[in-house]
Amino acid sequence: MRFPASVDTQPYWDALDAGELRVQRCTACGTWRHYPRPMCTACHDFGHAWLPVSGAGTVHSWTVTHQSPLPGFTEAVPFVLVTVDMAEGIRMLGLLKDLDPDRLHIGLPVRASVETVPGGEPQPVFRPV
C-alpha cells in the first residue's frame, strides 16, 4: 500500500521503484531529512538534492505486528516493524527480516535494502549485519 505521492515525496517513491533508497539532503547546510518535506528543519532553506543513503543503521525501536488490515500483510503476520537510526542521522521505518524477534535489541546493527513487501510495493527492508 502506497500513500498518495506529492511533489515533495514523488522522488522518494520513484527511487524505491528503481530499487534505490534515496533521501533529501539540504544543499545549503548538508542536513539529511526524512520524511521528505519542502524545507530544511535545520536552516529553513528550500534547496535539496535526492541522494542515496549508506543503508547502515541501528535499531532504535520496534513492534511485532500480529494483526494487519493492510492488503497482502494479513498473510504475513506476525512481522516486525523497526525504527532505525541511520548513519546519516535520520530515522527510517521498515520491515525487519531474517531475525527472530526474541533476539532483537536496541542498538542492533542493521543494513537497509529495497524490496517488494507483502502489499506489493517496494519499501525499505532491514536485516541484521
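Each value in this text was obtained by applying a stated rule to the coordinates, not by laboratory testing. Everything quoted here is computed from the prediction, not taken from an experiment. Note that each Cβ is placed from the backbone with ideal geometry, even for glycine, and that neighbours are counted across all protein chains shown.
For region 99-104, 3J(HN,Hα) computed residue by residue from phi via the Karplus equation (6.51, -1.76, 1.60; θ = phi - 60°) reads 8, 5, x, 5, 9, 6 Hz, glycine and proline entered as x. Once C-alpha pairs closer than 8 Å and six or more residues apart are averaged by separation and normalised to the residue number of region 13-68, the relative contact order reads 31 percent. Computed from the C-beta positions of A28 and T116, the FRET efficiency with R₀ = 35 Å rounds to 0.50.
Using the rule -39500 (n - 2.57) for each DSSP H run of four or more residues, divided by the residues of the chain, the 222 nm mean residue ellipticity is -1500 deg cm²/dmol. Rounded to the nearest Hz, the phi-derived 3J(HN,Hα) couplings of region 122-129 under the Karplus curve 6.51 cos²θ - 1.76 cosθ + 1.60 (θ = phi - 60°) are x, 8, x, 10, 10, 9, x, 10, where x marks glycine and proline. Distances between placed amide hydrogens fall under 5 Å for L108 paired with V59, all partners being 5 or more residues away or on another chain. When P(r) over Cα pairs in 10 Å bins from 0, in percent is calculated directly from the model, which label among (i) 10, 27, 20, 14, 13, 10, 5, 1; (ii) 13, 47, 34, 6, 0; (iii) 13, 40, 35, 11, 1 fits? Matching entry in (i) 10, 27, 20, 14, 13, 10, 5, 1; (ii) 13, 47, 34, 6, 0; (iii) 13, 40, 35, 11, 1: (iii).
How do 101-107, 58-64 rank on mean C-beta neighbours within 10 Å, highest first? Don't skip to the end; give the middle numbers.
Details: 101-107: 10.0, 58-64: 15.4.
Highest-to-lowest ranking by the protection proxy: 58-64, 101-107.
Normalised by the number of residues in region 10-128, the average gap of Cα pairs under 8 Å and 6 or more apart makes the relative contact order 23 percent. Once the chain from K97 to M39 is taken as fully extended at 0.36 nm per residue, the excess over their C-alpha distance is 17.6 nm. Residue separation of L70 and L51 scaled by 0.36 nm, minus their Cα-Cα distance, works out to 3.9 nm of gained length.
May I ask you to list the GluC sites (Glu not before Pro) in region 18-117 that are in a DSSP loop and have at most 16 other Cβ atoms within 10 Å of their Cβ? Walk me through the intermediate numbers first.
Details: sites: E20, E75, E88, E115; in loops: E20, E75, E88.
For GluC sites (Glu not before Pro) across region 18-117 that sit outside H, G, I, E and B with at most 16 neighbouring Cβ atoms in 10 Å, the list reads E20, E75.
Determine the distance separating the Cα centre of region 108-129 from the Cα centre of region 37-96; give it in Å without decimals. Cα centroid of region 108-129 versus Cα centroid of region 37-96: 10 Å apart.
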